Every structure is written in structure tokens, then in C-alpha cells.
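Worksheet for the structure shown next.
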């Protein structure tokens, strides 16, 4: 039976996640030669080749198999380290969480996630923070692959191995340039939006899925003028008059307050989905992760609040 060196597994996972030996070396403050030497040692110990291709950037079947187990083992090692850190703490501080809190959020949540983390860290200064902002599909994949333990995203995911707990409302509105002919009109119907050029979010985003669901409910089709990735790019396109769009209210607070963007008064708007706290069903949160989950469920709605709710 092979005995795994956690340092080797950590390095192997960094190479697999970063896509190259050089990126892993840079992220871990190591030389590339040291990275290569340790991976050769791991392959020798296992009796299997883990990397293939001209630059050894592609995982072999053995590498893919090891990666799944390495991420699980490293996640369990992090949980054990946090639990032991609590026991090593001064008795007066043993009730206070410590260690690394790695939170993943979808791009729209980054408008309030820093405030949430800052408030939590002020209460628990022994906790170190890491925030990863990514597309919804990437955040869910990182959770499933044990690259992070907790995340915040909109509406519950369909993946059976992930557990979602709602903690706040997530309003969405239809926005236009301030000089748009529909800006300032009251009680617009969805039918009045048929001929407008709509700027869509990229496929796979929760905002895109939500809009498509609403259009299906209204039994109407709209003119798809553009498809752009990311809230910031879409806001710029809307403000310069390229079309109207359906966006999370979190994303345009500043622009609406300064008059650079208008929220259309459409009947039944805003529409809401939920902000959800996500975790894997197969793991029990401990330490900083458990404390942060409780903090989000107790107080997250206040930090996630915005206009047009």
C-alpha cells in the first residue's frame, strides 16, 4: 500500500488546477525544477505516469483518477488542521474560529461579498480570507471537486451532491440608457418590449436562465441584439444605447443612483430569485466554515440588500 505525501499531493493538485508546472511553481513560490523533481518522485513512488504531452501539461488516466482523490484528501486535511488549530489556541480563544476561509461566489455576488467577509472577519480576526469570483459553472465545479468548501450563488443548483440554503432575495430589473424612449414611462407591459434590442448575458449564467424562464412565462419572444459576458460589459453597452437588458439589481446600484442608467417601470418588476449558501452534502462544515455559514444565515440578508427589492 502506497503512503501519500500530502506535500506531493498539494503540489500535484496545484499543477492540475493551474494547467502547468510553471504556474504551480509561481503560486507556491517554488522553482520549476523543484516542482518537476517532486512530481518525478511522486510518479516513481506510484509506479504510474501522471502527466502526458509535449510539456507534460495533460493528465493521464492515472492523473485524472489521482486528482479526484487528492482533492478529497486535501479538503479533509484542511478540516483536520482547522480543528487542531482550535485545540492549540489559548483556552480563552478556543471558541473563536480560526484558519483559512475560502469562499467562492458568482460574479454578481462580488458586489456585496467583500462587505460580508469584512464584517465576519472583524468579529473573528483569527480567520484568514480568500475570495474566488468565477462563473456559476466554475464555482459549482470547484465545490464538487473539493477545491473549496462553501460558496454563494443565485437560485439552488440542480446538482444532487450540493446543498443550498436560501438567505436573501436577489432582485432583477430591466434597464436602459437614461435617454431611451421607454425610460420614464409608467406601467410598461412585457409586450411593449418585444421590438427592443435585448442584450443577453452569456449562456449558463443564472441571470440568463432567469430571463429565459420569465419570457417563457410571458409567452413572448424578444429581439436578441447582443450576447455579452459579464455585468460590467453589459452595463456599458446599455448606457451607450446599444439596447436594453435584464440585470441583477446589485450590479447597477451606482449607475442608477448617478443617472447613467434607467430602470424601466415594467409591471410585476422587479423579479426575484434567491441568494443561496452552497456546500457539499457529503461533508460537515467545521471551524471558520461553519461559523461563516451561521453568520450568513443570520445576517447575510442585510448585507445583500439593495435598492429595487
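The values are calculated or read from the model by the stated rules, or taken from the named source; none is laboratory data. The model shown is predicted, which means the values in this text are computed figures rather than measured ones. Cβ atoms come from the backbone with ideal geometry, glycine included; neighbour counts cover every protein chain shown.
Here are the numbers for this structure:
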read-out: Qualifying residue in the range 258-275 (condition: within 22 Å of residue 121 (Cα to Cα), modelled with pLDDT of 95 or more and out of contact with any helix residue (DSSP H, G or I) (no Cβ under 6 Å at 6 or more places or on another chain)); value: yes
read-out: Test result for residue 118, assigned to a helix (DSSP H, G or I) and modelled with pLDDT of 90 or more; value: yes
read-out: Among (1) surrounded by 14 or more Cβ atoms within 10 Å (Cβ to Cβ); (2) modelled with pLDDT under 85; (3) under 22 Å from residue 159 (Cα atoms), the one test that residue 76 misses; value: (1)
read-out: Residue 200 being over 22 Å from residue 260 (Cβ atoms) and either surrounded by 18 or more Cβ atoms within 10 Å (Cβ to Cβ) or at pLDDT 90 or above (or both); value: no
